[in-house]
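The structure appears right after this line, and notes come after that.
The values are calculated or read from the model by the stated rules, or taken from the named source; none is laboratory data. Keep in mind it's a predicted model, so treat the numbers as computed, not measured. Ideal geometry is used to build each Cβ from the backbone, glycine not excepted, and the neighbour counts take in all protein chains shown. The accessibility values were calculated without ligands, DNA or RNA, using every heavy atom of the protein model including side chains. Shrake-Rupley method; radii C 1.70, N 1.55, O 1.52, S 1.80 Å.
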Amino acid sequence: MTDEDAVDEVVAAWGRERPDLDLTAIGVVGRMGRLALVLGPAQERVFGKFGLQRGEFDVLAALRRSGPPYTLIPSELSKTLMLSRAGMTSRLDRLEKAGFVERALDPNDRRSFRIRLTDKGFEAVDAAMTEHTANVSELLAGLSEQEVGLLDDVLRKLLNWLDPQS
């Protein structure tokens, strides 16, 4: 058993007030929420070092993962990132202004654009990914390798249950 945390205090207080409720899920989801509040800023700090916000990193990472020539159309990016086209346009505008991506007419469909990762964008996303990987590994350093694997399996199962399209 690990040391008690602030979520235990909330669950205990509710247990006193509502002993008729099974509060197990409240504790689990409460901790997940608190983790999101801790993990988000820890990741944003890394992306900020490279002049990126989380969403912009996600766009560059999707382009980088696509492989050579590191080019996708906006609708592919929107689908991959589960983002509206308007939201994608805003991110692409910022990334293009920063020189991380280029827009060019799609030779197969002149009504559409292709988004290409520039050399500057390639270097930025690779450096950010290297530091991001080290950062998230450090964030999980309090768990054993076996615990990390178990957590990964359980979270995957929960996500597949809650969002089968993910």
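Against the definition (more than 18 Å from Asp126 (Cβ to Cβ) and acidic (Asp, Glu)), how does Glu56 come out, yes or no?
no
Out of Phe100, Phe57, Phe113, report the one residue that is open to solvent by less than 50 Å² (accessible area, probe 1.4 Å) and in contact with an Asp or Glu (Cβ under 8 Å, 6 or more places away or on another chain).
None of the other options fit; the residue is Phe100.
Evaluate the following for Leu92: is it assigned to a helix (DSSP H, G or I), surrounded by fewer than 15 Cβ atoms within 10 Å (Cβ to Cβ) and among the hydrophobic types (A, V, I, L, M, F, W, C)?
no
Can you report the number of residues in the stretch 11-27 which are outside any loop (DSSP other than H, G, I, E, B) and touching a helix residue (DSSP H, G or I) at 6+ places or on another chain (Cβ under 9 Å)?
We begin by selecting, within the stretch 11-27, every residue outside any loop (DSSP other than H, G, I, E, B); these are 11-17, 24-27.
Within this subset, residues satisfying the condition of being touching a helix residue (DSSP H, G or I) at 6+ places or on another chain (Cβ under 9 Å) are 11, 14, 24, 26-27.
Residues flagged as outside any loop (DSSP other than H, G, I, E, B) and touching a helix residue (DSSP H, G or I) at 6+ places or on another chain (Cβ under 9 Å) within the stretch 11-27 amount to 5.
Would you be able to say whether some residue in the stretch 99-121 is among the hydrophobic types (A, V, I, L, M, F, W, C) and assigned to a helix (DSSP H, G or I)?
no
Taking the condition open to solvent by less than 60 Å² (accessible area, probe 1.4 Å), under 15 Å from Gln53 (Cβ atoms) and not β-branched (Val, Ile, Thr), does Gly87 pass?
yes
Identify all residues within the stretch 1-10 that are assigned to a helix (DSSP H, G or I) and loosely packed, with under 14 Cβ neighbours inside 10 Å; write none if there are none.
Residues of the stretch 1-10 that are assigned to a helix (DSSP H, G or I), as a first pass: 6-10.
Result: Ala6, Glu9.
What are the residues in the stretch 15-37 that are of a type in the set (A, V, I, L, M, F, W, C) and surrounded by 11 or more Cβ atoms within 10 Å (Cβ to Cβ), if any? Break it down into steps so the answer makes sense when it comes.
Of the residues in the stretch 15-37, the ones of a type in the set (A, V, I, L, M, F, W, C) are 21, 23, 25-26, 28-29, 32, 35-37.
Matches in the stretch 15-37: Leu21, Leu23, Ile26, Val28, Val29, Met32, Leu35.
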